[in-house]
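A quick write-up on the structure given underneath.
The values are calculated or read from the model by the stated rules, or taken from the named source; none is laboratory data. None of these values were measured; they are calculated from a predicted model. We place every Cβ from the backbone using ideal geometry, glycine too, and count neighbours over all the protein chains shown. Remember, those area values only see protein heavy atoms, side chains included, never the ligands or the DNA or RNA. Shrake-Rupley method; radii C 1.70, N 1.55, O 1.52, S 1.80 Å.
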Amino acid sequence: MKISINGKDTDYSGTPVLGELLRSLGIDPERVAVERNRGIVSRAEMQSLRLVAGDELEIIRFVGGG
Amino acid sequence: MISNSPDRYARHEMLHEIGAAGQRKLSQSSVLIVGCGALGGFQAELLARAGVGRLRIVDPDIVELHNLHRQILYMENDAESKVLKVEAAAKRLAQVNSGVVVETRPVRFNAQDAQSLLAGVDIVLDASDNFETRYLLNDVCIKSQTPWVYGGVVGTSGMVMPVLPGLRGPCLRCVIPAPPEPGTVPTADTLGVLNCAVAVIASLQTTLAMRVLLGNPPAEIGLFHANVWNMSFDFLKVQRNDLCPCCGLGGFEFLDAPV
C-alpha cells in the first residue's frame, strides 16, 4: 500500500504502525511530531497508530534558528 | 516629555483590540526576551515602540557584521567596535522609547540563573538559537506558570507556538517530548536566513505576547508554520498531552539536571 511521507509516495507491505515506520526511517518518534491527513497525531498514538493506504504524513520538527 | 505624551500611543489606543486601558496594561508589563539577535531585535523594537513598561534582554554575544542584514537594532559601528548586543540594543531602544526600562543581562540563558532571569516578568519571548535553551525555557516557564512564546526561523521558514501554562494549554514537550540531537538542526550559520522571514515570525510572537499581556490569548493553541518565500502558511492545532513529561508529569529535567 502507498503512504505519502513528506510529499513522497512510498510502498509498504502490510499495515505499518507509525512508531515502527518512523524508526525504519531512522527517526526517533520522541524527537518529531507527525501530521497525518492534515491533523497532528496525538502523543498517545505516536507508537501504535496503524496506518492505512493513502495516508499522507508530514514529519514535523521544530524550526531552530533565532 | 515626549516619552509619556498622550499622543504617543494614539494609533494603538484607537484599536479596540488595545484601547486606552490596554495601553495602560502594556505600560505596566514586563517582558523577558531570551536572545537578542534577529527575532529578539524585532521583538524588542516592537515592544519598546508599543510602550511596554520593562524589557529584560539576555544575550552573551557581540555584534558582528553578518548580523546586520537581519538584526535591526544594530548599526555598522556596533559591528566595527564589537560591542555587546545587549549594550547596543539598550542604546537603540532608549532612542526608540526613553520611557521603557531596559534591563540588560549579558549572559547565556542557563539553568542556574533561569529562575532569577524570569523574576517579575509577565511573559517570555523565545529568541534563542538552540533547543537546549528552548527546552530549558519550557521547563522554567511551566514550573513558574509563566507564559512563553516559542519562535524559530531558518532559511525562508519559521514556526511559532504560544505556551500558556495558566490556561492548561499544551507545552513544547506535548508536541515533541525530546529536543533534536545537537548538530542535526539547520541554523542561520549553516543554512542562512531570510530577513523578511525573521520579521514575520518575530511579529507573530510579539502579537501573541501582546494578546496574553492584554488578557486576550488565542482560543486555539497550535503550531503556526510559515514559508515566507512561498507564501505558504499553516496552522496545526495541538492538544495537551496528559502524559507529557513536563506539564503532565511535572518533570523538569532540563532545569534540574542540565546537560
* State whether one or more residues within the range B:95-103 are within 23 Å of B:Asn216 (Cβ to Cβ), among the small types (Gly, Ala, Ser), open to solvent by less than 70 Å² (accessible area, probe 1.4 Å) and outside any helix (DSSP H, G or I). => no
* Going by the structure shown, is B:Thr190 among the hydroxyl-bearing types (Ser, Thr, Tyr) and open to solvent by less than 30 Å² (accessible area, probe 1.4 Å)? -> no
* Which one is surrounded by the most Cβ atoms within 10 Å (Cβ to Cβ), of the residues in the range B:215-247 that are among the charged types (D, E, K, R) and touching a Phe, Trp or Tyr at 6+ places or on another chain (Cβ under 9 Å)? -> B:Asp234
* Structure fact -> Subset of the range B:47-75, residues of a type in the set (Val, Ile, Thr), open to solvent by 10 Å² or more (accessible area, probe 1.4 Å) and either more than 16 Å from the chain's Cα centre (by Cα) or on the phi > 0 side of the Ramachandran plot (or both), comes to B:Ile62
* Name every residue in the range B:150-178 that is more than 7 Å from every other protein chain (Cβ to nearest Cβ) and either part of a loop (DSSP other than H, G, I, E, B) or open to solvent by 40 Å² or more (accessible area, probe 1.4 Å) (or both), in order of residue number. => B:Thr156, B:Leu164, B:Gly166, B:Leu167, B:Arg168, B:Gly169, B:Pro170, B:Cys171
* Structure fact -> Among strands (runs of 3 or more DSSP E) completely within chain A, the ones holding 1 or more residues that are more than 12 Å from chain B (Cβ to nearest Cβ) and of a type in the set (Ser, Thr, Tyr) are A:2-5, A:8-11
* Residue in the range B:202-214 that is open to solvent by 20 Å² or more (accessible area, probe 1.4 Å), modelled with pLDDT under 95 and within 14 Å of chain A (Cβ to nearest Cβ) present -> no
